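Chemist: First the structure, which I've put down as structure tokens, then a few questions once you've had a look.
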């Protein structure tokens, strides 16, 4: 039996930083002048925290989102110069708060006691802590419940050393009625929050997937995450294949929260062009007969007013243009991670024999099998046993038998000549063409969370970063 000699690990996760930059620019184009928070939490979804953050900052990102204080400190110690790095999971101790202050980190505030600790610790340090107030509008995960949010916002005024950037929420789904209901609640709350705090806020509701599903929602700062790494949601389409995007309709004033006059002029218009509807007075009670572009959503529609926050590009597009912009973005995203292994043994197995633990797979006819040193310890889930497909020489091959801790077996009977040491593509595609492989999304009903897929592959295999420019590969998206 021939042996294959290779230095280092058999399994590799290659991260294409050029494609990461491409995806950032794709989402920036979709957002127009709207600021974005580039989410690099969870070791940049397994792609490498520092390397990805540096790439995104070099491409123009000014705000980053990390999982915890440790990740934020890691970025600061690595010299990442983004003005704002937000700790998304919050802080639960004075020591962590102090560490955040010492490293110029900002925070998501999500509970009364946590906000009090932030305010008190900020006062002791003499440092203003920038916060997003996180509101749970229906996901029932982290955040102050939306029906308690007004009191939460009022309480934030008690702490002089808290600087509230805006409100933030997280959608449980995108593109459906439940998502629209969450956006309505959040939109209504944003207007009340600005009345309470007496200042314009930069509010944040949309993830990258939500940016694609709700391009007309006038978000203040959206938070692309998974899409930056080349993975987009499967969006609903009509029977003619056109995207079936839902149009955001602002609920009547006071529908979710008690109505109150906004402290700034309100222009009831969808665009930054013609202004339709009435305008309320300036904060000092005076009127000059002009609007400065404040929209009902709680974001400035034009930079001619008292803030320089620009208008979300989607507000300047009609429905057809929004659909075209989303289609262009979907087609332009590129996969960032490619996972490969190597064949370490090839064997011929006769009809009637069984393969791997438990003898769950019986050979129906003589087969040529390849043994690959990739298993569940590397991120190839045992739940994919008998279902996972990989690429060998540009052709899909099927897993047979149980996927083991560090080994799996694939049927290569239909490929005439395959040497030991041949590359096996677990996730990605060949640079010179061939099928795109995604072993987790092959069969409907056997979907595995793509966040989990990328995080596991990226963290459990030797990772290297490259700057090669690859072509778009929409089939990769799941």
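Let's see how each residue does on (1) within 22 Å of residue 84 (Cα to Cα); (2) assigned to a helix (DSSP H, G or I); (3) outside the structural domain of residue 243 (by TED's automatic domain parsing):
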site: 181; (1), (2), (3): no, yes, no
site: 212; (1), (2), (3): no, yes, no
site: 215; (1), (2), (3): no, no, no
site: 219; (1), (2), (3): yes, no, no
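Chemist: In segment 123-143, what residues are assigned to a strand (DSSP E or B) and surrounded by 20 or more Cβ atoms within 10 Å (Cβ to Cβ)? Step through it out loud before you land on a result.
Modeler: Restricting attention to segment 123-143, the residues satisfying the condition of being assigned to a strand (DSSP E or B) are 129-136.
Matches in segment 123-143: 129, 131, 132, 133, 134, 135, 136.
Chemist: From the list 380, 456, exactly one residue is out of contact with any helix residue (DSSP H, G or I) (no Cβ under 7 Å at 6 or more places or on another chain), at pLDDT below 95, part of a loop (DSSP other than H, G, I, E, B) and within 21 Å of residue 226 (Cβ to Cβ). Which is it?
Modeler: After ruling out the rest, the residue left standing is 380.
Chemist: Continuing with this model, one more query. Among (1) under 29 Å from the mean Cα position of the chain (by Cα); (2) farther than 24 Å from residue 452 by Cα; (3) outside the structural domain of residue 209 (by TED's automatic domain parsing), there is one condition residue 385 misses while meeting the rest; what is its number?
Modeler: Unmet for residue 385, out of (1) under 29 Å from the mean Cα position of the chain (by Cα); (2) farther than 24 Å from residue 452 by Cα; (3) outside the structural domain of residue 209 (by TED's automatic domain parsing): (2).
The values are calculated or read from the model by the stated rules, or taken from the named source; none is laboratory data. These numbers were taken from a predicted model, which means no experiment stands behind them. We place every Cβ from the backbone using ideal geometry, glycine too, and count neighbours over all the protein chains shown.
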